[in-house]
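Heads up: the structure comes next, in structure tokens.
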Amino acid sequence: MVVWGGAAGPAVFDTGGRYDPSGGTWSTVSTTGAPSARTGHLAFWTGTAMVVWCGRDSSGTALGDGARYDPVGDTWTPISATGAPSARHQHAGVWTGTEMLVWGGSDGVSPLGDGAAYDPGDDTWESLSATGAPTARSLHTAVWNGTQMVVWGGGTAAMTVGDGGVYTRSGDSWTAISSTGAPDARIQHTAAAVGTIT
């Protein structure tokens, strides 16, 4: 388990650790080349590296950069900013097995209604279609069901919402989620993809 960044009260960290459950031991994560201190960021494991992106600093300013961490070499490599979404925090994302998809969030003032796919293999970004996407929001959840990213809940500039959308990566398209029988509108919730329930 690799832990990095976060906050404790007003302090925001640019440090972390690696935990080996088989030996019950911790080791430090190098800070050389690491992203700046942040909280509210995303992190995903690619199979060989941990990708960290966005978040906010101790002043509340949204950040728009990130890096890949290789635990074998204990090294950081910056992520390309070319084509990346704007700076944000309170966003959501998923790992598809080959790409990191991120969508929504806040720039510190307003909710955002866009997103992009990051391919760590060639260090490139590709914008996600906005056609049919959910309204701009932050503090929502997103899960990956194997072929689609499902986004639900969160807050807009005016209200907490109880709707969402399904993004199909292969077609770069969105479909609205039915609100019939849905839970009450909410923010800062959790969600998990569980497969088919029979």
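The values are calculated or read from the model by the stated rules, or taken from the named source; none is laboratory data. Given the structure is predicted, the values throughout are model-derived calculations rather than measurements. We place every Cβ from the backbone using ideal geometry, glycine too, and count neighbours over all the protein chains shown. With ligands, DNA and RNA removed, areas are computed over all heavy atoms of the protein, side chains included. Shrake-Rupley method; radii C 1.70, N 1.55, O 1.52, S 1.80 Å.
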(request) Any chance you could count how many residues in the range 126-147 are touching a Ser or Thr at 6+ places or on another chain (Cβ under 7 Å), more than 13 Å from G162 (Cα to Cα) and not in a loop (DSSP other than H, G, I, E, B)? (result) 1
(request) Keeping to the range 166-176, report how many residues are of a type outside the set (A, V, I, L, M, F, W, C) and either assigned to a loop (DSSP other than H, G, I, E, B) or surrounded by 20 or more Cβ atoms within 10 Å (Cβ to Cβ) (or both). (result) 5
(request) Filter the range 101-115 down to the residues that are among the hydrophobic types (A, V, I, L, M, F, W, C) and surrounded by 20 or more Cβ atoms within 10 Å (Cβ to Cβ), then identify the one that is nearest to the chain's Cα centre (by Cα). (result) V102
(message) Within the range 116-129, take every residue that is open to solvent by 20 Å² or more (accessible area, probe 1.4 Å) and of a type in the set (G, A, S) and give me the one that is nearest to V150 (Cα to Cα).
(response) S129
(request) Select, from T190, T156, T160, the only residue that is among the polar types (S, T, N, Q), farther than 20 Å from G132 by Cβ and in contact with a Ser or Thr (Cβ under 7 Å, 6 or more places away or on another chain). (result) T190
